[in-house]
Amino acid sequence: MSTIAERVAAGAAFLDEHDPDWWKADVERAIDLETLALDWPDRCVLGQRCPLEVLAAYVETDVSDLTVFDSGDGYFAYGERLSGFAEDAEIAHWARDLGFTFTTDLPGGDRDDWDDLTAEWRKVITERRAAS
């Protein structure tokens with residue numbers, strides 16, 4: 001099992017390739033470090049970065065009709081889009097391996113690890129923003 005830091009580094013590298021400006025503070029759908037929480041689908045890295053048109057397609061509505069309730073599907077919508085997987089179990093493994101989540105149905109996931117996972121993403125993003 002990889003460490004949290006290793007999984008987050010793998011996730012950051014993946015995003016660098018597939019969503020190059022993901023860490024920047026001045027982009028559309030920028031990650032808000034104050035609300036970042038990996039255990040909340042609308043406040044995690046994927047949930048915050050999910051393009052609205054991807055979210056709208058996932059919940060089968062128009063962007064103009066999205067509601068606050070739809071934002072909770074951002075993690076699932078963007079995870080499906082980025083991973084290329086359609087099955088929940090495949091997405092769960094992909095997301096876990098890249099540090100986007102801990103899932104209670106996979107070995108090694110402990111609820112106490114959520115804070116550490118969020119802290120590691122916050123650290124990576126903060127360091128990148130400070131260096132730019």
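What follows is calculated from the coordinates using simple rules that are stated; it is not laboratory data. Values in this document were obtained by computation on a predicted structure and should not be read as measured data.
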*Using only alpha carbon pairs under 8 Å that are at least six residues apart, calculate the relative contact order of the chain and give it in whole percent.*
31
*Helical contribution to [θ] at 222 nm, DSSP H n ≥ 4, -39,500 (n - 2.57), averaged over the chain, rounded to 500*: -15000 deg cm²/dmol
*With all distinct Cα pairs included, what does the Kirkwood hydrodynamic radius of the chain come out to in Å, to one decimal, could you say?*
14.9
*Tell me, what ³J(HN,Hα) does each residue in segment 32-43 have, in order and in whole Hz, if you take phi through Karplus 6.51 cos²θ - 1.76 cosθ + 1.60 with θ = phi - 60° and put x for Gly and Pro?*
8, 5, 5, 9, 4, 8, 5, 8, 10, x, 8, 10
